[in-house]
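See structure below.
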Amino acid sequence: MKVIRKISELRSELTIHRKAGSRVGLVPTMGYFHEGHLSLMDVARKDSDIVVVSLFVNPTQFGPNEDLVKYPRDFERDERLAKERGADIIFYPDSREMYPDPFLTYVITEKLSGVLCGESRPIHFRGVTTIVAKLFNIIQPDVAVFGRKDAQQAIIIKKMVADLNFPVEIIVAPIIREADGLAMSSRNTYLSSEERKQAPIIYRALQKATEMVQRGELNAGCVERSIRQQIETAPLARIEYIEIVNEKNLEPVKTIDPGTFVAVAVWFGKTRLIDNVVLIDLDR
Ligand code: PAF
């Protein structure tokens, strides 16, 4: 596995692979790998000959009071894990490489970026779409893999790809959970032991919601209330939002139908956790 820090070097390397007819897969990450990231590498591996993992803690997607500085980092461990998982290249640029000074050009997916997480994190998705567009231009992958845990991010990236005609296939891979149901996230490391103990309430509430829907409850208001009541039983939980929305446009629905999913953001102390489940599959 090669570690490449410069855009020019990465481009030369990939030109060789592309000339040899290789299909290139990209897994964009911010590092501090857990099984969720590693599962994305597996998915990319199945669909491509060369797997590039980008590792860059992207400053433009963090708001002024967010956790950019304390975001967990351990490159040596990440390098080892990616190698064990069969990645071919880690692209590990620094900020100067990705953001020439002055940096004046951003990509914005309107509407979708302003709802759900975008309400409390107004510049977040602008940073995500900008860095992902840059990675697509630099790497020109045939396929890129994102996790369903960040459902809104995946939906926004798909829309950006469609709107701007990026020639890349987007695969969204399932959420990987801890044994007690908590969705894996690099930010779980911020939780105190008591917060960690209570955090699985989020998934329990979402599971109960899917069961309600399976039993025939299609009223979004009732399902939302049930999720809220469940999560509120955890004394340390502070709900930021619970939204039952349509998969295509992220608009709230009154009646649950195929393509409806529920997305939540819940604070435990200073840690903001997100999760989501599809209530009725789109293809049903
Ligand atoms: O999901 C993430 O880790 C980041 O938002 C991404 C897609 C790597 C962009 O920085």
- Determine whether region 162-174 contains at least one residue that is surrounded by fewer than 16 Cβ atoms within 10 Å (Cβ to Cβ), under 25 Å from ARG204 (Cβ atoms) and either among the aliphatic types (A, V, I, L, M) or at pLDDT 95 or above (or both). yes
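Conditions (1) free of Cβ contacts under 8 Å to residues at least 12 places away in the same chain; (2) touching a Cys at 6+ places or on another chain (Cβ under 9 Å); (3) within 16 Å of the ligand (Cβ to nearest atom); (4) among the acidic types (Asp, Glu), marked per residue:
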{"position": "VAL143", "(1), (2), (3), (4)": "no, no, yes, no"}
{"position": "LYS149", "(1), (2), (3), (4)": "no, no, yes, no"}
{"position": "ALA162", "(1), (2), (3), (4)": "yes, no, no, no"}
{"position": "ALA173", "(1), (2), (3), (4)": "no, no, yes, no"}
{"position": "ILE176", "(1), (2), (3), (4)": "no, no, yes, no"}
{"position": "SER186", "(1), (2), (3), (4)": "no, no, yes, no"}
{"position": "GLU211", "(1), (2), (3), (4)": "yes, no, no, yes"}
{"position": "GLN230", "(1), (2), (3), (4)": "no, no, no, no"}
{"position": "PRO235", "(1), (2), (3), (4)": "no, no, no, no"}
- Task: Quickly run through region 224-238 and pick out the residues that are farther than 15 Å from GLU194 by Cβ and of a type in the set (S, T, N, Q).
- Result: SER226, GLN229, GLN230
- Message: I need the full set of residues from region 192-218 which are within 16 Å of PHE261 (Cβ to Cβ) and touching a strand residue (DSSP E or B) at 6+ places or on another chain (Cβ under 7 Å), in order please.
- Response: ILE202, TYR203, LEU206, ALA209, THR210, VAL213, LEU218
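Here is a yes/no grid of residues against (1) touching a residue at least 40 places away in the same chain (Cβ under 8 Å); (2) basic (Lys, Arg); (3) over 28 Å from ALA162 (Cα atoms); (4) touching a strand residue (DSSP E or B) at 6+ places or on another chain (Cβ under 8 Å):
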{"position": "ARG11", "(1), (2), (3), (4)": "yes, yes, no, no"}
{"position": "THR15", "(1), (2), (3), (4)": "no, no, no, no"}
{"position": "VAL27", "(1), (2), (3), (4)": "yes, no, no, yes"}
{"position": "GLU76", "(1), (2), (3), (4)": "no, no, yes, no"}
{"position": "TYR106", "(1), (2), (3), (4)": "yes, no, no, no"}
- Query: Given (1) without any contact (Cβ under 8 Å) to a residue 60 or more places away in the chain; (2) within 22 Å of GLU119 (Cα to Cα), where does LEU250 come up short, assuming only one miss?
  - Reply: (1)
- Note on the structure: Of (1) assigned to a helix (DSSP H, G or I); (2) in contact (Cβ under 8 Å) with a residue 60 or more places away in the chain; (3) closer than 13 Å to PRO59 by Cβ, VAL132 satisfies every one except (3)
- Return a yes/no flag: does region 194-202 have any residue that is at pLDDT 95 or above, surrounded by fewer than 14 Cβ atoms within 10 Å (Cβ to Cβ) and in contact with a Leu (Cβ under 8 Å, 6 or more places away or on another chain). yes
- Message: Looking only at region 79-94, filter to residues that are out of contact with any helix residue (DSSP H, G or I) (no Cβ under 6 Å at 6 or more places or on another chain) and free of Cβ contacts under 8 Å to residues at least 60 places away in the same chain; which one of those is farthest from ALA44 (Cα to Cα)?
- Response: ARG80
- Only one of (1) touching a residue at least 24 places away in the same chain (Cβ under 8 Å); (2) part of a helix (DSSP H, G or I); (3) within 16 Å of the ligand (Cβ to nearest atom) fails for ASN137. Which number is that? (1)
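The values are calculated or read from the model by the stated rules, or taken from the named source; none is laboratory data. Model, not experiment: these values are computed from the prediction. Every residue, glycine as well, gets a Cβ built from its backbone with ideal geometry; the counts of neighbours run over all protein chains shown.
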